[in-house]
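In what follows, a structure is listed as C-alpha cells, so that the remarks can point back to it.
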Amino acid sequence: MNDFGYTIIVFLLFAAWPLYLTIKAEYRRYKNNHAPEIKVNATAIKKSVTSDNIQYTNWAMRDGGTVFYGTFLTEDDKTVELYMNGQKFVSFEEGDTGELWYQGTRFLEFKKDE
C-alpha cells in the first residue's frame, strides 16, 4: 500500500471516532429515555469525578469536560452508579441516606433524610 492509502486509512479512523462517540452517547440517551423512572431508598456510598469519557453527557460540556458519578446502595442491596452534573454532585455526601430517583443511568434526584 502506498502513502496515500495509509493517509486515507488514518483520516477515516480519525473521522470515524467522533461519529462513534456521538452514536454511543445518543444510544445511551435513547436507553435512558425509555427506561422507567425508579424511586428507591438508598445510601450514597461513593462519589467520583473523571475527565475521561466526556461523550456520555451534555453536562460534561457545561462542567468543563468533567463527569461526576455517584454510587448508591439501594434498599434491596443493588449498587447503582449514576452520572450527574456538578450541581447535583455537591448536594450530597458519602453516607447520606434518602430517596433516590433515577432513570437508566441518569441521576434525577436524591432527597436526603432529615
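Every read-out reported here was derived from the displayed coordinates using simple, explicitly stated rules and does not represent laboratory data. The model shown is predicted, which means the values in this text are computed figures rather than measured ones.
The lysine pair tally for the chain, using Cα distances under 26 Å and a gap of 8 or more places or different chains, is 28.
Extension gain residue 103-residue 22, at 0.36 nm per residue separation less the Cα-Cα distance, in nm? Write down the numbers at each step before the final one.
On the way: separation 81, 0.36 × 81 = 29.16 nm, distance 2.04 nm.
Between residue 103 and residue 22, full extension yields 27.1 nm more.
Computed from the coordinates I sent, mean projected area of the Cα convex hull in nm² equals one of [x] 9.0; [y] 7.0; [z] 10.7. Tell me the label. So the calculated entry is the one marked [x].
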